[in-house]
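So the structure is just underneath, and the comments pick up after that.
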Amino acid sequence: MALDLERFHGPDPNTVLRAERAFLAVNEVDRIIVTGSGGNLHPFLPLDPFHGVHRAYAWQGVGPPQFVQVNCTAARHADGRYGWTWPVGQVHSYDRLTVIAAISDPLSGRLQDPAWVFSAPMFRRLAYLSRGQDGHDQYWIEASPTGHDRFARHRITLGDVWQRLVLAGQEQLMAAPPESTRDQGTVYEQLVAADLIRQSRGRFALYRPGMDIAGRDLLVQLVDTWRTISLQIKGTTMIVRGTRIQCLVKRWTFRPSEDFWLAFYFFDVERGSFGKYCWLVPSLDFAALTADQHFPRSINFQVTIEGEDNRWRKFRHEIDSQRRTDRHSGSGA
């Protein structure tokens with residue numbers, strides 16, 4: 001069975017729905033904040049997304065949380081300014097709530113410099129208030145990416161956004177770099193999910209398990225069909241022996257089947273993004289190619305950073321082409 005994108009008859013692939021753009025933008029903000037802070041600001045994802053908060057970030061996962069609302073629905077005007085609107089009921093005014101107005105490319109979902117960052121009380125003082133076309137009250141701003149206006153002092157580069165979320169004194173408590181064996185699971189899963197959604201242009205629906213016990217991190221569905229595959233995502237930030245990356249697959253979560261794949265990634269901390277290549281390996285192939293390993297608790301995946309290894313070469317894909325490989329499932333022909 002194939003997740004055949006060429007025969008997909010869903011929405012126009014060049015159309016990115018508002019909700020999808022918001023998801024991609026928030027995950028881009030995660031990437032920017034986590035990498036900019038050196039891994040010290042940890043994201044918390046809301047289970048109930050209906051209170052105007054997209055993320056909470058805590059220093060090293062235990063500090064007082066900073067709450068964040070992201071708006072990426074910028075409309076560009078003829079004079080070069082950008083405009084955003086917010087329903088009044090979705091903008092609150094408590095301490096440690098930050099409002100971020102961002103510019104998102106409507107096709108790629110990537111965020112672009114600059115961004116505007118406000119404390120919630122300041123936002124409510126500065127933003128304009130009017131009645132929207134739907135008859136409901138709304139806040140709105142129009143800001144120049146280069147000029148001087150009432151919002152200019154809140155304009156910063158994306159790379160500096162994380163600094164607005166750090167309380168006094170916290171930056172002195174920088175965490176040690178992660179060990180090579182540390183699993184950055186949730187962050188990798190979110191970034192991979194955002195990349196797959198962006199590249200598929202709305203053709204994939206992604207699901208995360210409610211119970212993380214079976215080794216399946218993402219369920220990928222071809223929208224409006226029963227076609228699916230499951231992914232286990234493995235990532236590392238470390239290079240070993242100068243040129244190699246290594247990931248460990250736990251044996252007790254590894255249950256090969258036709259609709260189960262493994263995805264291996266290298267995350268470049270200095271660049272704040274995934275490396276050039278990823279490796280997408282059907283679990284049956286992975287089992288066959290590692291049958292000579294007899295470690296009791298884990299299976300070792302090791303490859304050169306440029307992926308020249310003959311054993312894994314056919315599973316190597318450029319990071320921006322991975323959606324074309326998500327084509328197999330064991331649920332049908």
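Read-outs: derived from the displayed coordinates by stated rules, not from any lab. In this text the structure is predicted, and so the values were computed from the model without any measurement. Heads up, the Cβs are rebuilt from the backbone with ideal geometry, glycines too, and the neighbour counts pull from every protein chain shown.
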For this session: Provide GLU28, GLU20 in ascending order of the number of other Cβ atoms located within 10 Å of each residue's Cβ, fewest first.
Result: GLU20, GLU28
For this session: Take each of the peptides 285-293, 30-38, average the number of other beta-carbon atoms within 10 Å over its residues, and list them starting from the highest.
Result: 30-38, 285-293
For this session: May I ask you to list the trypsin sites (Lys or Arg not before Pro) in the stretch 214-248 that are in a DSSP loop and have at most 14 other Cβ atoms within 10 Å of their Cβ?
Result: ARG241
For this session: Quick one: Debye curve from the alpha-carbon atoms of the stretch 185-325 only, equal weights, vacuum; give me log10 I(q)/I(0) at q = 0.10, 0.14, 0.16 Å⁻¹ to two decimals.
Result: -0.32, -0.64, -0.85
For this session: Provide Rg over Rh for the stretch 18-172; use the alpha carbon set for both Rg and the Kirkwood Rh (inverse mean inverse pair distance).
Result: 0.94
Seminar exercise, completed: Proxy exposure order for GLU318, GLU258 (fewest C-beta within 10 Å first) is GLU318, GLU258
Seminar exercise, completed: Per-residue Cβ contact counts at 10 Å, fewest first, order LEU219, LEU196 as LEU219, LEU196
Seminar exercise, completed: Here the relative contact order (percent) of the stretch 18-172, from C-alpha pairs under 8 Å and at least 6 apart, is 22 percent
Problem set entry | Inter-label distance, nm, simple model (7 Å from Cα along the C-beta direction), ARG150/ARG311 | 6.4 nm
Seminar exercise, completed: With 0.36 nm assigned to each residue of separation and the Cα-Cα distance removed, GLN163 to ILE239 gains 24.5 nm
For this session: With 5 Å bins from zero, work out the P(r) of the stretch 200-251 over every alpha carbon pair and list the percent per bin.
Result: 4, 16, 20, 16, 15, 13, 10, 4, 1, 0
